[in-house]
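I have a structure here, written as structure tokens, and I will follow up with some questions on it.
The values are calculated or read from the model by the stated rules, or taken from the named source; none is laboratory data. Quick caveat, the model's predicted, so the values are computed rather than measured. Note that each Cβ is placed from the backbone with ideal geometry, even for glycine, and that neighbours are counted across all protein chains shown. To get the accessible areas, we keep the full protein, side chains included, count just its heavy atoms, and leave off ligands, DNA and RNA. Shrake-Rupley method; radii C 1.70, N 1.55, O 1.52, S 1.80 Å.
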Amino acid sequence: MTLFRKNLIDGEWLGEAGSRNINPSNTGDVVGEYASAGPEQAKQAIAAAKAAFPAWSRSAPLVRHAVLKKASDEIMARKDEIGRNLAREEGKTLAEGIGETIRAAQLFDFFAGETLRLSGELVPSVRPGVGVEITREAVGVVGIITPWNFPIAIPAWKIAPALAYGNTIVFKPAELVPESAWTIVDILHRAGLPKGVLNLVMGKGSVVGQAMLDSPDVNAITFTGSVGTGKRVAAASVEHMRKFQLEMGGKNPLVVLDDAHLGTAVDCAVNGAYFSTGQRCTASSRLVVTDGIHDRFVAALKERMEKLVVGDALDAKTQIGPVVDATQLKQDEDYIAIGRKEGAELAFGGERLDAATPGFYLTPALFTGATNAMRISREEIFGPVANVIRVGDYDEALAVANDTPFGLTSGICTSSLKHATHFKRNSEAGMVMVNLPTAGVDFHVPFGGRKGSSYGPREQGRYAMEFYTTVKTAYSFAG
Ligand code: NAD
């Protein structure tokens, strides 16, 4: 019998079967059926979150700590099962799915701790006898809108701080990955959240998401997804004078200098460009390589790519899972055709692959002879496609790396302290990696970018407080 999951509104599981969740490694495998909310249910969820806010925002820190800690413990205890379901619905490998699940547990654990570390400031006033207190308070109802590519980590890094700082939530996950979203909500619900504090509204972005954007009762929206949708979130939020935070696309450069360790550079390129099927906002889709190492780097990279095992995400041998769905596969193939037409050479891969089961399999693609002006170098493809851009020296590499409308991550492979130090200071990205892949970050430090990649305060770590709280300055005169 097919699994059927409902939405959680005001503490009740509601809804009728709406959409089917298909395994991209095997399109004959239906993960489950999921309720699809309409605008009325979205409004009910928002009203429930609004009603639950006064009590939750004033709850004792230990109450919030207990829920978050319990959720963390359950996620960790069930990491293999949850990670497997994640790999099954999204197509990242089993190891990646379990790794992402562990990260979600760590995020809940971190923010459980943060509930007990809240503090303010006591400042002397410029007026005699007056005291000034600076404190932080919860913002209100937070709308959480998430993409499909990190089905559990992104919801976790938004839900955990929102709850820790006393906000209530309306959570709308991406249509392609409802099982991971449902699981995390189910765990938090059973961990003891009062009704209405966390509401799950699975459904279409244009319906449920839009209803959240249009509501005057949503006090803040945190969004991760494409630039196009991000702009809609921004425009609607300005209209309602609400707080908003956007994490969007990337076109991240990995610079490889002549003095790089070749093995490290190839490891960073393979991991950054192709792991998680290249479907990461932090993926290195531009490999900016200096003349002296270019040919050796390309040859070694191709050799490694030949050995990469593309296949069913649930097969332990698989290193690169399928593309998430038919639409994304078409987008990847369209860009591969565009790259060839623009004059770049397809040096490896980019072909559909038949596996034992029907799925969206694509061999990782490498372009050489690309320029930074080509569309394949400027637009986010969001698939296992990377371009090698040949440059003369470090100065040109830095200029090319920074010449992009995005600014999420960047990386450099070099043994020169001088160049690494200069790059860290002058790269126009929110996160910079030296001799490390551009993707793969810690859970306890700020995450976010610049330019077209991000807008608003950083996510994760203590910096998350900036978005999920509002500052109050209180003056008192003792008389
Ligand atoms: P998307 O913009 O299509 O969808 C994101 C979410 O927005 C989904 O839940 C969707 O249903 C919802 N949505 C769609 N239309 C809406 C509307 N009118 N109103 C409100 N919500 C609406 O993005 P996607 O395809 O799911 O995700 C891929 C994108 O996410 C890529 O661009 C990737 O770079 C980006 N991403 C960024 C980060 C980051 O931290 N910078 C992390 C992961 C993914």
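Which residue, of Pro178, Pro173, Pro161, is within 25 Å of Arg232 (Cα to Cα) and without any contact (Cβ under 8 Å) to a residue 60 or more places away in the chain?
Details: Pro178 fails: without any contact (Cβ under 8 Å) to a residue 60 or more places away in the chain; Pro161 fails: without any contact (Cβ under 8 Å) to a residue 60 or more places away in the chain.
Sole residue among the options that is within 25 Å of Arg232 (Cα to Cα) and without any contact (Cβ under 8 Å) to a residue 60 or more places away in the chain: Pro173.
Sticking with this one: Consider only pairs whose beta carbons are under 9 Å apart and that are at least six residues apart or on different chains; among these, list those whose first residue lies in the range 201-223 and is at positive phi and whose second residue is open to solvent by 10 Å² or more (accessible area, probe 1.4 Å) and within 7 Å of the ligand (Cβ to nearest atom).
That search, which allows pairs on different chains as well, returns Gly203/Glu175.
Considering each residue of the range 12-29, count those that are crowded, with 16+ Cβ neighbours inside 10 Å and either farther than 30 Å from Leu362 by Cβ or of a type in the set (Ser, Thr, Tyr) (or both), and give that number.
So in the range 12-29, the residues crowded, with 16+ Cβ neighbours inside 10 Å come out as 14-15, 18-19, 21-26, 29.
Filter once more, so that each one left must be either farther than 30 Å from Leu362 by Cβ or of a type in the set (Ser, Thr, Tyr) (or both): 14-15, 19, 25.
Going through the range 12-29 one residue at a time, the tally reaches 4.
Would you point out which residue out of Phe447, Phe443, Phe467 is within 16 Å of the ligand (Cβ to nearest atom), farther than 30 Å from Val266 by Cβ and out of contact with any Gly (no Cβ under 6 Å at 6 or more places or on another chain)? Explain how you work it out, then say what you get.
Working: Phe447 fails: farther than 30 Å from Val266 by Cβ; Phe443 fails: farther than 30 Å from Val266 by Cβ.
Going through Phe447, Phe443, Phe467 in turn, just one is within 16 Å of the ligand (Cβ to nearest atom), farther than 30 Å from Val266 by Cβ and out of contact with any Gly (no Cβ under 6 Å at 6 or more places or on another chain): Phe467.
Looking only at the range 359-372, decide whether some residue is away from the ligand (no atom under 16 Å from the Cβ) and under 22 Å from the mean Cα position of the chain (by Cα).
Of the range 359-372, the ones away from the ligand (no atom under 16 Å from the Cβ) are 359, 361-372.
With under 22 Å from the mean Cα position of the chain (by Cα) added as a condition, the list becomes 364.
Yes, some residue in the range 359-372 is away from the ligand (no atom under 16 Å from the Cβ) and under 22 Å from the mean Cα position of the chain (by Cα).
State all residues of the range 133-180 that are closer than 23 Å to Arg88 by Cβ and of a type in the set (Gly, Ala, Ser); if no residue qualifies, say none.
Ala153, Ala156, Ala174, Ser180
With the condition being in contact with a Lys or Arg (Cβ under 9 Å, 6 or more places away or on another chain) and more than 24 Å from Gly249 (Cα to Cα), I'd like the strands (runs of 3 or more DSSP E) fully within the range 387-479 carrying at least 2 qualifying residues. If you could, list the steps in order and put the result at the bottom.
On the way: elements: 409-413, 431-434, 469-477.
Once the strands (runs of 3 or more DSSP E) in the range 387-479 are filtered for at least 2 residues that are in contact with a Lys or Arg (Cβ under 9 Å, 6 or more places away or on another chain) and more than 24 Å from Gly249 (Cα to Cα), what remains is 469-477.
Can you name the residue in the range 235-261 that is part of a loop (DSSP other than H, G, I, E, B) and free of Cβ contacts under 8 Å to residues at least 40 places away in the same chain and, of all such residues, is nearest to Gly456 (Cα to Cα)? So that I can check it myself, show each step before the final result.
First pass over the range 235-261, keeping only residues part of a loop (DSSP other than H, G, I, E, B): 240-242, 248-251, 257-261.
After this cut, where a residue has to be free of Cβ contacts under 8 Å to residues at least 40 places away in the same chain as well, the list is 240-242, 258.
Working: His240: 16, Met241: 14, Arg242: 12, Asp258: 37 Å.
Among them, the one singled out is Arg242.
While we're looking at this one, here's another question. I'm trying to understand the selection: among the residues of the range 249-271, which are open to solvent by less than 10 Å² (accessible area, probe 1.4 Å) and charged (D, E, K, R)? Let's see the steps before the verdict.
Narrowing the range 249-271 to residues open to solvent by less than 10 Å² (accessible area, probe 1.4 Å): 249-257, 265-266, 268-270.
Listed by number, the list holds a single entry, Lys251.
Turning to a different aspect of this structure: Based on this model, can you work out whether Arg286 counts as within 16 Å of the ligand (Cβ to nearest atom), basic (Lys, Arg), outside any helix (DSSP H, G or I) and open to solvent by less than 10 Å² (accessible area, probe 1.4 Å)?
Details: within 16 Å of the ligand (Cβ to nearest atom): yes; basic (Lys, Arg): yes; outside any helix (DSSP H, G or I): yes; open to solvent by less than 10 Å² (accessible area, probe 1.4 Å): yes.
So Arg286 passes the test.
Among (1) at negative phi; (2) in contact with a Lys or Arg (Cβ under 9 Å, 6 or more places away or on another chain), there is one condition Thr277 misses while meeting the rest; what is its number?
(1) is the only condition that Thr277 fails.
Residue-wise test of (1) acidic (Asp, Glu); (2) modelled with pLDDT of 95 or more; (3) within 30 Å of Leu436 (Cβ to Cβ); (4) within 13 Å of the ligand (Cβ to nearest atom).
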position: Pro194; (1), (2), (3), (4): no, yes, no, no
position: Leu198; (1), (2), (3), (4): no, yes, no, no
position: Val201; (1), (2), (3), (4): no, yes, no, yes
position: Ser206; (1), (2), (3), (4): no, yes, no, yes
position: Gln210; (1), (2), (3), (4): no, yes, no, yes
position: Thr224; (1), (2), (3), (4): no, yes, yes, yes
position: Arg232; (1), (2), (3), (4): no, yes, no, yes
position: Lys251; (1), (2), (3), (4): no, yes, yes, yes
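Now for a different question. Tell me which residues, restricted to the range 311-354, are in contact (Cβ under 8 Å) with a residue 40 or more places away in the chain, under 22 Å from Thr371 (Cα atoms) and part of a loop (DSSP other than H, G, I, E, B).
Ala344, Gly349, listed by residue number.
Looking at the range 447-468, is at least one residue farther than 30 Å from Gly166 by Cα and buried (at least 21 other Cβ atoms within 10 Å of the Cβ)?
No, every residue in the range 447-468 fails to be farther than 30 Å from Gly166 by Cα and buried (at least 21 other Cβ atoms within 10 Å of the Cβ).
Further question: Need a quick list: strands (runs of 3 or more DSSP E) entirely within the range 77-164 having at least 1 residues that are open to solvent by 10 Å² or more (accessible area, probe 1.4 Å) and within 16 Å of the ligand (Cβ to nearest atom). Step through it out loud before you land on a result.
Working: elements: 121-124, 130-138, 141-145.
Output list reads 141-145.
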